[in-house]
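I have placed the structure first, in the form of structure tokens, so that the comments after it can refer back to it.
The values are calculated or read from the model by the stated rules, or taken from the named source; none is laboratory data. Because the structure is a prediction, the values reported are computed rather than measured. Positions of Cβ are backbone-derived with ideal geometry, glycine not excepted, and every protein chain shown enters the neighbour counts. Just so you know, the surface numbers come from the protein's heavy atoms only, side chains and all, with ligands and any DNA or RNA stripped out. Shrake-Rupley method; radii C 1.70, N 1.55, O 1.52, S 1.80 Å.
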Amino acid sequence: MVKEKRICLKNLGKINPESIDDYIEAGGYKVLESAVSRHHFEIIDEMLNSSLRGRGGAGFSAGLKEKFTSESCLRCEQKYLICNADEGEPGTFKDRIIMENDPHLLLEGMLIAAYGIGASKAYIYIRGEYYKSIEMVKKAIDSARKRGFIGKNIFGSVFSVDVEIRLGAGSYLCGEELTLLESLEGKRGYPRIKPPFPAEKGLFGFPTLINNVETLATIPTIVGKGSEWYLKLGTAESPGTKIFTISGDVAKPGFFEVELGTTLRELIFDLAGGMKDDKKLKAILLGGAAGTFVDETVLDTPTGFDSLKEKGATLGSGAIMVLGEDKSVLNVTQSILEFFKHESCGKCVPCRVGTDRVARMIKEINNGIYQGESGLDDMIYEAEYMAKTSLCPLGQSLIMPLRSLKRYFNDQF
Amino acid sequence: MDNNLVDVFSLFDGKEEELIPILQKVQNTVGFLSNDSMEEIARFAHVPKSKVYGVATFYAQFRFTPKGEKHIMLCRGTACHVKGAPRIQEEIENHLGIKEGETSKDLKHSMENVACIGACSLAPCIMVNETVEANLTPQKVEKLFLSKGKNK
């Protein structure tokens, strides 16, 4: 039976998350102290060697991102670090668990990353509906500031940084990094054209590093224990651990941090207690709305960014939604497509018109009044041109669930 | 100018980038964004009123009508949908006599649909003000809103 391996959740349940003393007693802020006495290139090298891939969903190398941001200009007056805590992908709640149970670990990760790239200002952009997370992070920032971990000359070094909380205002799209920047600048959440990437021109035109909560919460462990230690966890292509959030028709829905490479079968049947009421498993939605549907043939594939890609699936943010035999895949698809229609910002015409068209098509298919020959193929056709012509991941990702339906659930249409 | 607004503005510098935090603070203090507040915010942040409206109408969080004493946010994320959120919405609408996006006449209740609130292991769920009500069933909804159903 597979066991959890906790890195981001190492202190969960062991310390009082509101107490900075508890966190320090558990070894907290030690890594920050030693980090600021090292050259910042060493921190970035450690991150590069760890091969940590971004935990927000895209899976880009976290070390490379840091390297680009730190090197994009050597004499800029300002660089920014942003923690993306605008967790909105349906089925995902890992960031909430970290912020509510160990806010100081996230904060320490942010401070180390800020030191690595030379940022003097850090923002944490939290989902507005996450009241508890906001409260916990606020308290953590206040107590860390009192101890001098945030502010000027941290641990007597030349490193100074300030941390500020910003709250999301109810837009799924603002979880996308460039849109998040627009929102931080006080504008409507419309995506930007890239390049330039945030590493060159980010917030207010300055180099900016944007990382997910889970990515940042991993940093203290990597820098503290070293990349060699970290590389022993997980698989070669996707090292380390990942928090999976399991919901739907399972006996014990919840969150589980395991080494990557753990199979879906182990996650669903060992950790989440198997199917609820002994239902038969029909489908698994991986990675949330912008994710993919798979069936039981993928249960024994080791989880990882590339291993799942080969199966036409995605790891995404680590959301696993389990659908039992009594659930309709088409009904869930309709809910997803209506969600996209609702959240499309309307900047790119293909996405604005396309999300509406596709939502109407699935509704007609579900009501049995669709006139075309093959509803699924027609939707994929629409989603393909949206993927090619939309600026941001919202318009680009409709194709993901649809293509996975073609591969695994064509017979349902 | 409304004293509430004076208090809120004293916390900010009046820069354009602060527009969203200002709107949030005003809404938290006053309850909603009136046309008058929008005008004051525009003047304070040195941007046209159209821009303030442009930003405020983009984000789902901002409202231009008063909220009820109990504000119900109904999660319409995928996990809640699978576990029967549409049925829960129907039940609540029946009990309170208001539809999604409306406020009851006595200003006691208001309801809106929101995207996934990240409580997927507790689906289906709603938030009443800042409290999450989890694992809802029609029976639980009835209990929650029992006494309020009759005086709508």
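Annotations for the structure displayed:
- Three-way shape call for the stretch A:76-208 based on the alpha-carbon gyration tensor, with the a/c threshold at 1.5: oblate
- Counting only protein heavy atoms and a 1.4 Å probe, the stretch B:70-148 has 43 square angstrom of accessible area per residue.
- Only the Cβ atoms of Lys and Arg (+1) and of Asp and Glu (-1) were treated as charged; on that basis the dipole of the stretch A:20-231 about its Cα centre amounts to roughly 440 debye.
- Residues of the stretch A:144-168 that lose at least 20 Å² of accessible area (1.4 Å probe, protein heavy atoms only) when the other protein chains are present, relative to their chain alone, are A:Arg166, A:Leu167.
- With contributions of -39500 (n - 2.57) from each DSSP H run of at least four residues, the per-residue ellipticity at 222 nm computed over the protein assembly as shown stands at -12000 deg cm²/dmol.
- Share of carbon and sulfur in the accessible area of the stretch A:136-178 stands at 54%, probe radius 1.4 Å.
- Here the dipole of chain B is about 580 debye; that uses its Cα centre as origin and unit charges on the Cβ of Lys and Arg (positive) and Asp and Glu (negative).
- Each of the GluC sites (Glu not before Pro) that DSSP puts in a loop and that has at most 12 other Cβ atoms within 10 Å breaks chain A; the longest unbroken stretch is A:78-324.
- Residue with peak Gaussian network fluctuation, chain A [Cα springs, cutoff 10 Å], from A:Arg75, A:Arg360, A:Arg38: A:Arg75
- Shape call, chain B: gyration tensor on alpha carbons, a/c limit 1.5: prolate
- For the stretch B:42-88, a reduction of at least 40 Å² in accessible area between the chain on its own and the assembled protein chains (probe 1.4 Å) is found at B:Phe58, B:Tyr59, B:Gln61, B:Thr78, B:His81, B:Val82, B:Lys83.
- Apportionment of accessible area to carbon and sulfur, the stretch B:7-111, percent (1.4 Å): 48 percent
- Buried on assembly, the stretch A:322-351 (at least 30 Å² less accessible surface than by itself, 1.4 Å probe): A:Lys327, A:Ser335
- Accessible area in square angstrom per residue, the stretch A:173-264, 1.4 angstrom probe: 29 Å²
- Over the stretch A:340-412, all Cα pairs binned in 5 Å intervals from 0 give whole-percent P(r) values of 3, 18, 29, 24, 16, 8, 2, 0, listed from short to long.
- The charge dipole of chain A, taken about its Cα centre with unit charges on the Cβ of Lys, Arg, Asp and Glu (plus for the first two, minus for the last two), comes to roughly 700 debye.
- Over the stretch A:71-141, relative contact order from alpha-carbon pairs under 8 Å, at least 6 apart, %: 47 percent
- Solvent-accessible area per residue for the stretch B:3-58 (1.4 angstrom probe, square angstrom): 48 Å²
- Calculated P(r) of chain A - Cα pairs past 38 Å, %: 20 percent
- FRET efficiency, A:Glu71 to A:Glu164 (Cβ-Cβ, R0 30 Å, nearest 0.05): 0.75
- Accessible surface of the stretch A:340-412, 1.4 Å probe, proportion on carbon and sulfur as whole %: 47 percent
- Computed with a 1.4 angstrom probe on protein heavy atoms, the B-A interface buries about 3000 square angstrom of accessible area in total.
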